[in-house]
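Contents: one structure, followed by commentary.
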Amino acid sequence: MLGHTLGVSRFPWPGAGAAGLAIILWALVPLLMIAAGELPPLRLSAMALLAGALGTLPMARSRRRAAATHSRVQGGAINLLGALLMAGAVGACFAAFSLAPPAEAALITYTWPVIFLLASRWLVLRRLPLATLGGALLAFSGAALLVVPQALTGGISGAWGGYLLAFGTALCWALFSLASQVPGFRFGERMPHMLLIASVMTGVASLALEGVSELPSSRELLATAALGLGPYGIAMLAWDRALGDPQAHRLGNLAHAVPVLATLFLVIAGVASPDWRLPLAAGLVLWGSYTASTR
């Protein structure tokens with residue numbers, strides 16, 4: 001599927017720039033979730049996904065091609081596949097953070113770049129080079145440096161439901177990234193449809209499992225709209241662009257910067273205290289990303 005990437009040796013700066021934009025937006029998720037207040041996780045997912053669908057509609061339309069390569073049935077199946085993975089990732093992520101301690105849930109959730117990187121390199125080379133394995137371990141250790149001590153300090157909470165949901169989130173994002181690399185799927189121009197379908201899915205699940213609650217405040221609505229338009233709207237299109245680069249298999253490890261940047265944003269906002277581990281974690285992430293991207 002990705003065999004054509006082996007002939008390109010230079011690092012994909014345009015693709016890396018798109019990946020960087022997606023990573024920065026994803027790192028804003030904790031702050032936006034705090035601003036969204038106490039909204040139930042599935043209801044928050046449905047509202048955020050709806051905002052992402054509405055926000056990405058103009059951008060996705062500009063990328064449409066004149067000729068369709070799939071029938072309506074095939075296109076509907078692709079939209080349904082992407083929507084299922086997206087609804088599973090977003091809904092499970094928000095639910096995991098409500099059931100398990102955030103630090104522990106984040107540690108499991110941020111294993112998705114490792115899964116994606118290892119799977120994509122295996123599809124390209126049919127083997128896993130030592131540089132890829134070593135770089136993945138280095139980058140993941142940088143993210144783990146921030147969350148493991150907090151998890152150990154708080155002890156093992158036993159919130160296994162939250163842990164399983166966090167691992168489900170990791171699997172969904174890794175599978176979504178791999179599916180995005182299939183040329184015929186064209187996830188970028190299908191993004192509004194997938195987001196809308198995913199919003200309906202999580203909305204129905206919210207009504208069935210969470211019931212009906214009072215209307216959110218204007219502040220919660222604004223935070224939810226920003227959450228959908230940024231991390232689950234623009235970021236998804238940017239990540240789709242990055243995965244369309246000839247060297248997409250090198251970009252997966254960059255996503256390890258998400259927990260590092262998220263912690264930095266929390267410190268800047270005054271939500272978290274400064275920590276000496278932040279620059280060390282950032283260095284490990286950069287070192288690991290460089291190591292994994294070498295041929």
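The values are calculated or read from the model by the stated rules, or taken from the named source; none is laboratory data. The model shown is predicted, which means the values in this text are computed figures rather than measured ones. Here Cβ is always computed from backbone atoms with ideal geometry, including for glycine, and neighbour counts include all displayed protein chains. Quick note on the areas: whole protein, heavy atoms, side chains included, nothing else; ligands and nucleic acids left out. Shrake-Rupley method; radii C 1.70, N 1.55, O 1.52, S 1.80 Å.
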For segment 170-207, which positions are open to solvent by 20 Å² or more (accessible area, probe 1.4 Å) and of a type in the set (A, V, I, L, M)?
171, 175, 178, 182, 196, 197, 200, 201, 204, 205, 207
Out of curiosity, is residue 57 at pLDDT 80 or above and open to solvent by 20 Å² or more (accessible area, probe 1.4 Å)?
yes
Determine if segment 214-226 includes at least one residue that is open to solvent by less than 40 Å² (accessible area, probe 1.4 Å), outside any helix (DSSP H, G or I) and either of a type in the set (Lys, Arg) or on the phi > 0 side of the Ramachandran plot (or both).
no
If we scan segment 193-204, do we find a residue that is within 13 Å of residue 113 (Cβ to Cβ) and assigned to a helix (DSSP H, G or I)?
no
